[in-house]
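Right, one structure below, let's go through it.
The values are calculated or read from the model by the stated rules, or taken from the named source; none is laboratory data. The model shown is predicted, which means the values in this text are computed figures rather than measured ones. Positions of Cβ are generated from backbone atoms using ideal geometry, with glycine treated the same way; all protein chains shown enter the neighbour counts. Ligands, DNA and RNA are excluded from the accessible area calculation, which covers all protein heavy atoms including side chains. Shrake-Rupley method; radii C 1.70, N 1.55, O 1.52, S 1.80 Å.
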Amino acid sequence: MSEDKGPKGTSRRGFLAGAAGLAAGSAAPRALADNVKNLPPNVPDWTRALGDGVAVRTYGNPSKHEKHVARRDVSWLTATPESSVSFTPLHQLDGIITPSGLCFERHHSGIAEIDPQDYRLMLHGLVNKPLMLTLADLKRFPRTNKIYFLECAANSGMEWRGAQLNGCQYTHGMVHCVEYTGVPLKVLLEEAGLKTNAKWIMAEGGDAAAMNRSIPLAKALDDCLVAYRMNGEMLRPEQGYPARLVVPGWEGNIWVKWLRRLKVGDQPWETREETAKYTDLLANGKARKHTFVMDAKSVITSPSPQAPLQQKGFTVISGLAWSGRGKVKRVDVSLDGGKNWRSARIDGLVLDKACVRFYFEIDWKGEPLLLQSRAIDESGYAQPTKDDLRKIRGVNSIYHNNGIQTWHLKPDGEVENVEVG
Ligand code: MTE
Ligand code: CO
């Protein structure tokens, strides 16, 4: 390997050098004596016997050693598990695609179990030709593949009055990013033929909540999809099997799962989910409604409270950024609570309304740091500080909290959710 210089002058040969171990912590490697028989130059156990053959694991699962990588809920957050949320373990993932089985779940009345044979999608209202589509019908329309993030409007909703939950899984884990396969909603609407006074669409789910939302026609004709696949496989039941609405860049609540009905109308329906819920109470007592777009946001996923640092020396700071207004243009990282900023390295795909992965490498000597990231999108919008956001929004909101997150990295490698004033 050549002696080229890594980030900030780190010698590439030195990535693992000088990495003084921290106090023998929880995740320290097992004592050498326990497993020396499996270490080079010895022949390990797994080389001495044949492994499972093919077709034993007909639909594969992760290694049994990865059981700690899991969706988690916060038991006190909701009264029942049916109307609740589980969070994506962002701190245990990399890249931009969320594995299907780890996508956070948000259900208002549990997971509807739908037999695909009995599935129908009804499209009616202000159309010339109402449609009643089977799943097979949906699969016969021209289809497209798109990678999008989905963020619940309530993501980071517990943090309005100060740092609360200790882990990016809980503060930011109501986001996932997958590839969808589906029919552009525009194609279905053109098939039905819109009447001239058509202006809004109501999407309704087939779950026990029959959750429904109104969508302006312009958005429906722009980039919405009726998706039946994610990451190549059919949608998981948790994500709305066999079909869900995809509303790129807009709050997750509108992405109706177990989609059963689309009605075209001339005004919004003023459903529960767009009046009593998913509105934003401001400091002056007035509430905003129809706040559809998810503004630019980012979070450092590692290190973070659930992913403390085990070693000093060369360290990869890593995180995710996204914007409902288009592509993420830049991500900045601060090590000192927002006083100084430097651009992070975005690695991998940069797509419209999808997550991007960023990296920022440092040589950590064990000094305390106040880690922050901020996303800037192609519209020029920059993620605000939490205080700047509160100046406009007050502290009574639940939804649309995209303020800059601060992680306090301590000399022992532990990380805490804090705020800087
Ligand atoms: N659609 C139906 N039918 N019922 C629901 O409870 N929850 C909504 C939305 N679509 C919901 C629904 C909310 S609030 C969010 S954030 C997203 O689905 C969550 O999608 P996910 O479970 O795939 O993460
Ligand atoms: Co939601």
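With R₀ fixed at 25 Å, the C-beta to C-beta distance from LEU282 to LYS410 puts the FRET efficiency at about 0.10. Relative protection proxy for 336-343, 46-53, from highest mean packing down: 336-343, 46-53 (other beta-carbon atoms within 10 angstrom).
Taking one quarter of the surface of the C-alpha convex hull of segment 107-258 gives a mean projected area of 9.8 nm². Taking max minus min of the alpha-carbon positions on each principal axis, the chain gives extents of 73, 62, 45 Å, largest first.
Put simply, the amide H of GLY240, placed in the peptide plane, has neighbours under 5 Å in TRP258, leaving out anything fewer than 5 places away on its chain. Here the accessible area of the chain is 53 percent carbon and sulfur, with a 1.4 angstrom probe and all protein chains present.
Judged by the mean number of other Cβ atoms found within 10 Å, the most tightly packed of the peptides 268-277, 147-156 leads the ranking 147-156, 268-277. Bridging of LYS199 to lysines at a Cα separation below 29 Å is possible for LYS129, LYS139, LYS146, LYS186, LYS219, LYS257, LYS263, LYS277, LYS286, LYS289, LYS327, LYS353, once same-chain residues fewer than 8 apart are set aside.
Can you tell me how segment 343-392 classifies by the Cα gyration tensor, rounded, prolate or oblate, using a/c under 1.5 as the rounded cut? It is oblate, given that a/c is not under 1.5 and a/b is not larger than b/c.
When peptides 318-330, 106-118, 218-230, 191-203 are ranked by their average number of other Cβ atoms within 10 Å per residue, the highest-first order is 318-330, 218-230, 191-203, 106-118. Rounded to the nearest Hz, the phi-derived 3J(HN,Hα) couplings of segment 166-176 under the Karplus curve 6.51 cos²θ - 1.76 cosθ + 1.60 (θ = phi - 60°) are 9, x, 5, 4, 8, 7, 10, x, 9, 9, 9, where x marks glycine and proline.
Residues whose amide H comes within less than 5 Å of that of GLU179, counting only those at least five positions distant or on another chain, are ASN231 (H built at 1.01 Å from N in the peptide plane). A 1.4 Å probe run over the protein chains yields, for the chain, 47 Å² of accessible area per residue, whole-number rounding. Backbone geometry of segment 404-413 corresponds, through the Karplus equation with coefficients 6.51, -1.76 and 1.60 at θ = phi - 60°, to 3J(HN,Hα) couplings of 5, 8, 10, 10, 8, 8, 9, x, 8, x Hz, x marking Gly and Pro. Couplings for segment 123-129, taken from phi via the Karplus curve 6.51 cos²θ - 1.76 cosθ + 1.60 with θ = phi - 60°, read 10, 8, x, 7, 10, 7, 9 Hz in order; Gly and Pro are left as x.
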